[in-house]
Every structure is written in structure tokens, then in C-alpha cells.
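Contents: one structure, followed by commentary.
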Amino acid sequence: MQCSARVASNGAILLGCNVAADGAAKRPLRVVTHAHQDHTRGLARSVKESLFIVATNYTFEVMDVLGLKVPVEKRMPLSYGQPFHFDGETITLVKARHIIGSAQVVVESRKGYYGYTGDFKMPGTKPLQGLDVLVIDATYGSPRLQRRWGEWDAIAALMEIIERFIGEGPVWIYGYHGKLQEVMAELRVRGISYEFLAEPVTVELARIASRFYGVDVEPLRVYTGGVVKDPVVVFVHMSRKKHYRRLPGIHVVLTGWELRAPAVLAGKRLINVSFSDHASFKEIIEYVDAARPRKVVVDATRGKDAWFTAKYIERILGIPAEAQPRDRESGNKEDADR
Ligand SMILES: [Zn+2]
């Protein structure tokens, strides 16, 4: 039990004997799958208590921009697929499609073979196969949270909004770190060439994303506040929406929790676009079906309806499954990372 795979009550994912991922625990290795706030909790404690903080180089870069401090001597940057041998265990980061630098984690030891998806979306995340225990994120853990369209429909809706309204002033787009930069790249790939404006941190992250995705996001300029008159797209972190919402232009909120349609009018000059960085319920099940582990643990500290995901996996796929920790039925993803 001690050296298997489980979810601790603080949301740390314990893998093998040495790894705690995305939460603090008294273990020598702390893995950060990506730099979202609900996955970097307890980092200061881990810096003190753990020997190494393990993450991709891109995730370290993002943490630096966000002010999440990890001293150089504690850093263990790993490329995707690069094994790290520690105390009889091998730790490997595998690409996850979510935000810049996101990774799944695999721990192999004599006792077993364990994996954790971290946050992910499909397609674009390769299911980890042959595991004894798979710990899976289930942000949208039941059919009541199922989106009925693909992310491409949401991007198409966003492009239509930009083209239709940009003549009347700027288009403001609100979202979380990582998602904003991914959407910048998606828009550039699809030929949206209007100038992008963003606050300094968002610009810095966009320059990192540009390398990560291999997409040129320029022209991109720092926005320092105030009314914007030009036909530009302004990208703003969700937490700053209240500062800009009343300024002239069309305001667009990127939120995977909009389940009614790809784009929905949500107020005066306010549109929700249903763009998510997480697998839908159906995609979670597809992942598990392709991965076929011997046992599944559903993380109940971050997603919603983890208990249902576990029950469904057990009954429909015939794989033993449980939501953990057992005293928690659902987390609070909605507030942390949409
Ligand atoms: Zn995330």
C-alpha cells in the first residue's frame, strides 16, 4: 500500500515509494505535471522537504514567470521520455496535451508499474499502457458534464466572433494561463492575423508557448491598461475580467463549463465560448479503455463526480476502480483551472 499508487487527502498523487506528484508529501521527489495552481500547491513545502522537484523544462520556465520559486540545485528538468533513476525506481514524464509543458508521470519499480495522467485532453494524449495502477484526472467526471461538440467547434465559433465584431473595436478574450496561449497559437495557425495585446505575464508565457507549439504568435504587444480603439484581440487572465469587462468591445470568456453550446450569449457584449483543456467524460472513458490498467484510481480532489467515473469504469469496462481519497466525493476544479 505504502509503495503503490494513491491520492492523498491534500491532492498529492503518491506513486511508488518516492514520488509525490502535484501536491506535497514527505517524499524525496515532487513532480509538477504542469504549472496550474491546483497542481503546484504545497510547492514551497516540497522545496524544503523533497530532494528534487521534477518537471519538464517548459514547466520550470512557466513557473519562473509565475513567480513559483524552485532553487536551481533542487531542479530536475526532464524531457518527455527521458528516464530518471532514483532509489531503484524509474521516473519518466510522458507528454500530455493540456498546457505548455504538461506531462503524465510513470513510475516503474520492482513492486509495480504506476502512472498518473495529470490534466489532459484528447486527442493528443497517448494513453499509458500496461500499468498496475492508473491514477486519472476526471475534471468532467460524469455524462451530465459532457460537451456535445469538439474543441474545433469552439475555435470556429471564436474565429467567427472575432471576424464579425473586430470592426467595432477590440475583442477581449478571458481565460486561464496556458489556455490563453494555446488559443493564441490556434488562432494564428488558422490565419487570424490581427494584432494580439496582453498583460506582461501573459505575453511572457505566450513567447514560451510560441516555442513549445512551434507557432509564431506575433504580432503581440504588451497591454498596459485603458481603452483600446484598434481592431485587436486582447488576451486577459480570468482573474482580471472585472477590471476590463466594462470597456468598449466584445468580451469573450473561454470556459469548459459552458455546456449549452459552443458559443452562448452570457450578457451585454459578453459571450461564453466553450473551450476546454480537459477530456470530456466520454474521452476519459476512451482513455481508460485504451490504457487497460489492472486498476484505476480516479482523483477526487480536483475533478467533479469522480465517484461516478470510478463506478462506470468498474461496471462498463470491467476494470476495478475507486475514487480517492475515499472521504472526498468531488473537488473544486471549477474555481482553480477551467
Ligand atoms: Zn491544468
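Derivation of every value follows stated rules applied to the coordinates shown; laboratory data play no part. As the structure is a prediction and not an experimental result, all values here were calculated from the model. For neighbour counting, all protein chains shown are included, and Cβ atoms are generated from backbone atoms with ideal geometry for every residue, glycine included.
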>> Taking 51 Å as R0, compute the FRET efficiency from the Cβ-Cβ separation of K242 and R294 and round it to 0.05.
In response: 0.60
> So what's the gap between the Cα centers of the range 166-224 and the range 1-39, to the nearest angstrom?
Replying inline: 32 Å
> How much of the DSSP beta bridge set in the chain is antiparallel, as a percent to the nearest 5?
Replying inline: 35 percent
> Stretch K311-K26 to full length: gain in nm at 0.36 nm per residue minus the Cα-Cα span?
Replying inline: 99.5 nm
> Which whole-Hz couplings ³J(HN,Hα) result when phi for each residue of the range 72-82 is put into the Karplus expression 6.51 cos²θ - 1.76 cosθ + 1.60, θ = phi - 60°, listed in order with x for Gly and Pro?
Replying inline: 3, 5, 9, 7, 10, x, 10, 7, 4, x, 7
> How large is ³J(HN,Hα) for each residue in the range 52-62, as worked out from phi by the Karplus curve 6.51 cos²θ - 1.76 cosθ + 1.60 (θ = phi - 60°), to whole Hz, x for Gly and Pro?
Replying inline: 9, 9, 9, 6, 6, 4, 5, 5, 4, 4, 5
> What nm distance separates the two modelled labels at R164 and R110, each placed 7 Å from Cα along Cα→Cβ?
Replying inline: 6.4 nm
> Cβ under 9 Å from G124's Cβ, G124 left aside: what net charge do those residues give with Lys, Arg +1 and Asp, Glu -1?
Replying inline: +4
>> Please report, in whole Å³, the volume per residue of the convex hull around the C-alpha atoms of the range 151-273.
In response: 96 Å³
>> Over 21 Å between Cα atoms: which of K229/K268; K179/K242; K121/K241; K74/K121; K179/K241 fall into that group?
In response: K121/K241; K74/K121
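Run through every distinct alpha carbon pair of the chain and return the Kirkwood hydrodynamic radius in angstroms, one decimal place.
Over the chain, the inverse of the mean reciprocal pair distance is 20.4 Å.
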